[in-house]
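**Student:** Please read through the structure below; I'll follow up with questions.
The values are calculated or read from the model by the stated rules, or taken from the named source; none is laboratory data. Owing to the predicted nature of the structure, the values given are computational and were not obtained by experimental measurement. Methodologically, a virtual Cβ is constructed for each residue, glycine included, from the backbone with ideal geometry; neighbour enumeration extends over all protein chains shown. To get the accessible areas, we keep the full protein, side chains included, count just its heavy atoms, and leave off ligands, DNA and RNA. Shrake-Rupley method; radii C 1.70, N 1.55, O 1.52, S 1.80 Å.
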Amino acid sequence: MTGSVAPSPVPTLPNLRDLGGWATADGRTVRPGVLYRSTDFSSLATIDLEAFEALGIRTIYDLRSATERKALPDPDLPEVTDIHLDVLADAETAIPADLQNFFSDPASVAMVTKELSGSKAKELIAQTYRQMITLPSGLAAYRGLFHGLLGEHAGPSLFHCTTGKDRTGWAAASFLTLLGVAKDDVYADYLLTNERLVPALKPVFDRFGAAGGNPDLLIPVLGVDAGYLDAAFDEVDTTYGGIAEYFADGLGVGPDEQEQLRHLYSS
């Protein structure tokens, strides 16, 4: 079993996982214990704080908006640096600061039902994935993340957004792809969110239903779909010509630095 498909080491953060353990095309393996992906920390129980601290995280990269951070700030942990990188700062549509309360408010539920019926939800989210590749704020945020991983900030490191699936999902997918992990494995890591996170969000689905909504409408919103990642990679190919060019021309991580990332994070 690879590190990435092992259960979360922190039970109350079910969508937290180690990005290590995946094989790369050149016969190496992504190093375990040095880079993690997660949701926000709103569900982290005090009983699990010791398990989280045992991971040795030294830098947390928060990909959320300022509004999201204000509503649910990262915990103040000793000897941990918290870096704010707002991926969607330049997006026209803002993500609600508190998703759980948003999806239990009758007025919000009515709006979501109208706006996300049929295939609209998947189309909107796929468009957001494309924006993460092209928005100036997206480029700046991922540039900051990968330069941080090159040594600007101490590791081990963790990056997260709110649900740990979209902004975080692209960070993980682009990182694993650059390191040479096979496409099927990149998608396997990405799609684990449907197994880990969606069941843990049952209270959100239940409150949405109690407020008059159809819980099935939330599946494409709170889960992930291979088509979303397809849209991001298609935007990379269309705009830059491939993942190496995206890192070099979009994120300012040139060939030498790309090789350095492979050296640092695989063996």
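**Student:** Among the residues of region 235-247 satisfying the criterion of being closer than 11 Å to LEU178 by Cα and of a type outside the set (D, E, K, R), which is surrounded by the fewest Cβ atoms within 10 Å (Cβ to Cβ)?
**Tutor:** Selected residue: GLY242.
**Student:** Now a separate question. When both residues are 6+ apart or on different chains and their Cβ atoms are under 6 Å apart, which pairs have a first residue that lies in region 104-125 and is surrounded by 17 or more Cβ atoms within 10 Å (Cβ to Cβ), and a second that is among the aliphatic types (A, V, I, L, M)?
**Tutor:** SER104/ALA211; VAL109/ALA211; LEU116/LEU217; ALA121/VAL221
**Student:** Just to be sure I understand, how many residues within region 33-49 are open to solvent by 40 Å² or more (accessible area, probe 1.4 Å), more than 16 Å from ALA172 (Cβ to Cβ) and assigned to a loop (DSSP other than H, G, I, E, B)?
**Tutor:** 2
**Student:** Limited to region 235-267, what total is found for residues that are of a type outside the set (A, V, I, L, M, F, W, C), touching a residue at least 24 places away in the same chain (Cβ under 8 Å) and part of a helix (DSSP H, G or I)?
**Tutor:** Total satisfying the criteria: 9.
Yes or no, residue by residue, for (1) surrounded by fewer than 23 Cβ atoms within 10 Å (Cβ to Cβ); (2) touching a strand residue (DSSP E or B) at 6+ places or on another chain (Cβ under 6 Å); (3) in a helix (DSSP H, G or I):
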residue: GLY164; (1), (2), (3): no, yes, no
residue: GLY169; (1), (2), (3): no, no, yes
residue: ASP184; (1), (2), (3): yes, no, yes
residue: TYR187; (1), (2), (3): yes, no, yes
residue: ASN194; (1), (2), (3): yes, no, yes
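**Student:** Only one of (1) touching a Ser or Thr at 6+ places or on another chain (Cβ under 6 Å); (2) modelled with pLDDT of 90 or more fails for ASN194. Which number is that?
**Tutor:** For ASN194, the exception is condition (1).
**Student:** Got a number for residues in region 15-32 being assigned to a loop (DSSP other than H, G, I, E, B), out of contact with any Gly (no Cβ under 6 Å at 6 or more places or on another chain) and open to solvent by less than 40 Å² (accessible area, probe 1.4 Å)?
**Tutor:** Qualifying residue count, region 15-32: 3.
**Student:** Just a yes or no: is a residue in region 50-66 open to solvent by 30 Å² or more (accessible area, probe 1.4 Å), without any contact (Cβ under 8 Å) to a residue 40 or more places away in the chain, more than 22 Å from VAL198 (Cα to Cα) and not small (Gly, Ala, Ser)?
**Tutor:** Yes, the conditions are met somewhere in region 50-66.
**Student:** Within 28 Å of ASP26 (Cβ to Cβ), under 18 Å from the mean Cα position of the chain (by Cα) and open to solvent by less than 40 Å² (accessible area, probe 1.4 Å): which single residue out of LEU222, LEU251 fits that description?
**Tutor:** So the residue among LEU222, LEU251 that is within 28 Å of ASP26 (Cβ to Cβ), under 18 Å from the mean Cα position of the chain (by Cα) and open to solvent by less than 40 Å² (accessible area, probe 1.4 Å) is LEU251.
**Student:** Which condition number in (1) free of Cβ contacts under 8 Å to residues at least 40 places away in the same chain; (2) over 26 Å from LEU135 (Cβ atoms) is the one that ASP185 fails?
**Tutor:** Unmet condition: (1).
**Student:** Here is a follow-up. Quick check, is SER8 over 23 Å from SER137 (Cβ atoms) and open to solvent by 20 Å² or more (accessible area, probe 1.4 Å)?
**Tutor:** In short, yes.
**Student:** Moving to a separate point now. For region 51-160, please list each of the helices (runs of 4 or more DSSP H) lying entirely inside it that holds at least 1 residues being β-branched (Val, Ile, Thr) and either modelled with pLDDT under 90 or under 19 Å from the mean Cα position of the chain (by Cα) (or both).
**Tutor:** Fully inside region 51-160 and qualifying: 66-71, 106-115, 120-134.
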